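Note sheet for the following structure.
The values are calculated or read from the model by the stated rules, or taken from the named source; none is laboratory data. These figures come from a predicted structure and were not determined experimentally. Quick reminder, even Gly has a Cβ in these numbers, built from the backbone with ideal geometry, and neighbours come from all protein chains shown.
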Amino acid sequence: MMKMVKNITFCFIAIVLCACNATQNENKTQPEPSSPAQTVEDINMDVNNSEAPVLISSEQMFSTLIAEPEAVQLWRYKGEKPCVIDFFATWCRPCAEMAPIYEALAKEYSGKIIFYKVDVDQLRDLSLHWGIAGMPTLLYCNDKGMETVIGYQTEEQLRTQLNKLLQ
């Protein structure tokens with residue numbers, strides 16, 4: 001008898017849980033349709049005219065704007081203007097301290113150098129693929145190659161690297 005009561009109770013609880021779940025699913029609103037995908041030309045236009053660092057939000061965006069994933073050894077930068085890529089983490093204190101300097105320099109060098117930011121926690125595989133081990137890591141890129149600088153950089157150090165990139 002006790003076993004039968006337990007089975008009935010279990011079945012009742014299961015039915016109630018299923019009914020609650022079905023009600024929740026009915027109440028969910030449908031997601032808004034996503035905006036049409038930007039073309040490569042649109043993305044490049046936005047990036048080339050930006051006065052603020054551009055956040056790389058996907059590996060596809062990185063591949064479109066900067067380099068193909070397999071290009072670590074065979075580096076070939078895709079951009080028209082030199083760029084600097086800040087690999088950062090939100091929990092990284094030196095990254096947070098350097099961010100306002102980086103943003104001010106992005107505005108100052110607008111039209112000459114493109115500034116990117118990559119959140120290593122959001123794009124972990126990309127960061128690992130490019131050998132990012134310490135934060136912040138800055139990649140200075142142009143059609144001649146790439147230079148990597150790891151760690152906090154003062155405004156003077158950043159400015160020196162940026163001017164070197166333009167030569």
Just to be sure I understand, how many residues within segment 121-148 are surrounded by 15 or more Cβ atoms within 10 Å (Cβ to Cβ) and not in a helix (DSSP H, G or I)?
12
Number of the condition not met by Ala106 [criteria: (1) buried (at least 18 other Cβ atoms within 10 Å of the Cβ); (2) over 15 Å from Ala67 (Cα atoms); (3) out of contact with any strand residue (DSSP E or B) (no Cβ under 7 Å at 6 or more places or on another chain)]:
(3)
Selection over segment 149-167 where residues are in a helix (DSSP H, G or I) and touching a residue at least 12 places away in the same chain (Cβ under 8 Å) yields a count of 8
Options Asp143, Asp121, Asp86, Asp125; residue that is acidic (Asp, Glu), modelled with pLDDT of 95 or more and over 16 Å from Val54 (Cβ atoms)
Asp121
Does segment 46-57 contain any residue that is in contact with a Lys or Arg (Cβ under 9 Å, 6 or more places away or on another chain), modelled with pLDDT of 95 or more and surrounded by 12 or more Cβ atoms within 10 Å (Cβ to Cβ)?
no
Residue hits (segment 73-109; in a helix (DSSP H, G or I), within 15 Å of Val149 (Cβ to Cβ) and not hydroxyl-bearing (Ser, Thr, Tyr)) are Pro94, Cys95, Met98, Ile101, Leu105
Lone unmet requirement of (1) in contact with a Pro (Cβ under 8 Å, 6 or more places away or on another chain); (2) touching a residue at least 24 places away in the same chain (Cβ under 8 Å); (3) more than 22 Å from Tyr152 (Cα to Cα); (4) of a type outside the set (Val, Ile, Thr) for Ser63:
(2)
Flag if Pro94 is of a type outside the set (Gly, Ala, Ser), loosely packed, with under 14 Cβ neighbours inside 10 Å and more than 17 Å from the chain's Cα centre (by Cα):
no
